[in-house]
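In what follows, a single structure is set out as structure tokens and then discussed.
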Protein chains: 2
Amino acid sequence: MTASGAPPTLRSDARRNVDRIRVAAAEVFRARGLSAPLEDVAVAAGVSKATIFNRFGGRIGLIDAVIDDLVAKELKGVIEQARAVPDVGERIRVYVGALRELQYRLPAVNGVLLRQFPDSGSLMDLCRTGEAFHGELVAQGHAAGILADGFTAHDLHALTIDNALALEHGGRPPRADYDRRTAFVLDGIRRPA
Amino acid sequence: MTASGAPPTLRSDARRNVDRIRVAAAEVFRARGLSAPLEDVAVAAGVSKATIFNRFGGRIGLIDAVIDDLVAKELKGVIEQARAVPDVGERIRVYVGALRELQYRLPAVNGVLLRQFPDSGSLMDLCRTGEAFHGELVAQGHAAGILADGFTAHDLHALTIDNALALEHGGRPPRADYDRRTAFVLDGIRRPA
DNA sequence: ATGAAGTTGACCACCCGGGTCAAGTTTCGT
DNA sequence: ACGAAACTTGACCCGGGTGGTCAACTTCAT
């Protein structure tokens, strides 16, 4: 049942503001993570903070409204990209590399991985999707015998979490350093030849 | 020249409080890191927060007063322990393992590695000591040809920093998981056979 | 033009920790 | 024992950041 108490259509100015806020939130969250001050989103949208509360109910509502275009598409893209790789070893390398690249490029994704807003259903769903794929990938890796003994899906997840924390609280290292370290990480989790 | 404006000796109650605060600070910092509320240190010492300011001037002074017994000894111990290992590969493994163990066991050490209080000279000195040893170790590792190509002292430092951030902001994983991941880290930075 | 929808700036509450100060308490020399 | 200096303390202020609210004003739609 649809809520019947609210008017079915918004007034034109309200609709315009909703759109502006969505766009602004996407920009601000993209660049500075999901914890960026709502005040800044409001300024970027050219509205007042109160309007965000009026239209979205708060940060969670706003995240739910933009997470799909912001993070879900990119993250799912990385997973699909990896799934398309036929060789298991290469698949794991592609996935870890692409995910780390995404974490570097899109701070918002770290908010998802870190479950920064457990009250956001869409965020938690997305996080679970990622985690499920980790399970899949690690199972395939062990089946093919190319992962280090004892390496678990949990370990893979911890890898991404630790990287998210490092980026979030430690800042981004130069890209070259970051990529080099990605290679060390990958070497550490594969079975020694 | 010694400051002549201040009385050379403290009154007995003041001396007692200084000792109590030092002990309490060591305990609290040890268990909860160098950012633990001074209020908590005061309570543990059975004095008021203001007394800490009277006696130590603030957090920095307090850190300077306890860092040696708290962290410096342990950290230098790890370095000496590693230096005593004859084989280079083993030396690196011992050092990384022992340092990670220390980071897990003693949150205060992470505050040092993260340079949480740049105004504390003793803290910064200690941090530099560690960094210098990293340089030494990596140079030896490359000379012996047992480190991965392109691995730098900076990378080793980043490894410890990232781990510090993960422990600080992500909490401690079960010990078994942590140790297993230590092994993956080590495998990732050594030259493939 | 009018009333409802919508917006807004200013405001409140909260939490947290660093830091300060007047007033009260303890020590110590005489 | 007593007075002054040393010392401690609770209560206070501050800044910084965030979620959230509301009366008054503006804009839209009919």
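The values are calculated or read from the model by the stated rules, or taken from the named source; none is laboratory data. These figures come from a predicted structure and were not determined experimentally. Methodologically, a virtual Cβ is constructed for each residue, glycine included, from the backbone with ideal geometry; neighbour enumeration extends over all protein chains shown. In case anyone asks, the SASA skips ligands and DNA or RNA and just uses the protein heavy atoms, side chains included. Shrake-Rupley method; radii C 1.70, N 1.55, O 1.52, S 1.80 Å.
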Exercise for the section: Give me the accessible area buried between chains B and A, both sides summed, with a 1.4 Å probe, in Å² rounded to the nearest 100. Expected result: 1600 Å²
Fill in the blank from the handout: Dividing the alpha-carbon radius of gyration of the range B:128-175 by 2.2 N^0.38 Å, where N counts its residues, gives 1.36
Exercise for the section: Run the accessible area of the range B:85-169 with a 1.4 Å probe and give the carbon-and-sulfur part as a rounded percent. Expected result: 55 percent
Handout entry: Using a 7 Å Cα-to-Cβ projection, residue A:136 label spacings across copies, nm, ascending
Key = 4.9
Exercise for the section: Please give the FRET efficiency for residue A:68 paired with residue B:152, using the beta carbon to beta carbon distance and R0 = 45 Å, rounded to the nearest 0.05. Expected result: 0.70
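Write down the accessible area per residue of the range B:47-136 in Å², having rolled a 1.4 Å probe over the full set of protein chains.
I get 42 Å² per residue for the range B:47-136.
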Problem - Quotient of C-alpha Rg and 2.2 N^0.38 Å, computed over the protein assembly as shown - result: 1.20
Fill in the blank from the handout: For residue B:13, inter-copy label-point distances (7 Å, Cα→Cβ), nm, shortest first, read 6.6
Fill in the blank from the handout: In debye to the nearest 20, the charge dipole size for chain A, taken about the Cα centre with +1 at each Lys and Arg Cβ and -1 at each Asp and Glu Cβ, equals 480 debye
Exercise for the section: Could you work out how far the C-alpha centroid of the range B:1-71 sits from that of the range A:84-119, in angstrom? Expected result: 45 Å
Practice task
Treating only the Cβ atoms of Lys and Arg (+1) and Asp and Glu (-1) as charged, compute the dipole magnitude of the protein assembly as shown about its Cα centre; round to the nearest 20 debye.
Solution key: 640 debye
Practice task
Obtain the nm distance between the two label points defined at residue B:132 and residue A:9 by a simple spin-label model: each point lies 7 Å from its Cα along the Cα-to-C-beta direction.
Solution key: 7.6 nm
Handout entry: Principal-axis tilt of helix B:175-189 within chain B, Cα atoms, nearest 10 degrees
Key = 50 degrees
Practice task
Find every distance from the label point of residue B:43 to the corresponding label point in the other copies (7 Å from Cα along Cα→Cβ) and write them in nm, one decimal, shortest first.
Solution key: 3.7
Completion exercise
Amide H proximity to residue A:190 below 5 Å, modelled H, separation 5+ or other chain, gives A:148
Practice task
Pop out a list of residues from the range A:154-175 that are at least 10 Å² less accessible with all the protein chains around than in their chain alone; 1.4 Å probe, no ligands or nucleic acids counted.
Solution key: A:154, A:155, A:158, A:162, A:165, A:166, A:169, A:170
Handout entry: Convex hull volume per residue in cubic angstrom - Cα atoms of chain B
Key = 139 Å³
Handout entry: Cβ-derived FRET efficiency at R0 35 Å, residue A:183 paired with residue B:143, nearest 0.05
Key = 0.95
Exercise for the section: In whole Hz, with x marking every Gly and Pro, tabulate ³J(HN,Hα) for the range A:71-87 from phi via Karplus 6.51 cos²θ - 1.76 cosθ + 1.60, θ = phi - 60°. Expected result: 10, 3, 4, 5, 5, 5, x, 4, 5, 5, 4, 5, 4, 6, 7, x, 7
Exercise for the section: Multiply the residue separation of residue A:83 and residue A:49 by 0.36 nm, subtract the distance between their alpha-carbon atoms, and state the gained length in nm to one decimal. Expected result: 8.1 nm
Exercise for the section: Working from Cα positions, state the angle (0 to 90°, nearest 10) between the long axis of helix A:12-32 and the longest principal axis of chain A. Expected result: 30 degrees
Exercise for the section: Select the chain B residue whose beta carbon lies nearest to the rotation axis carrying chain B onto chain A, and write the distance in whole Å. Expected result: B:188, 1
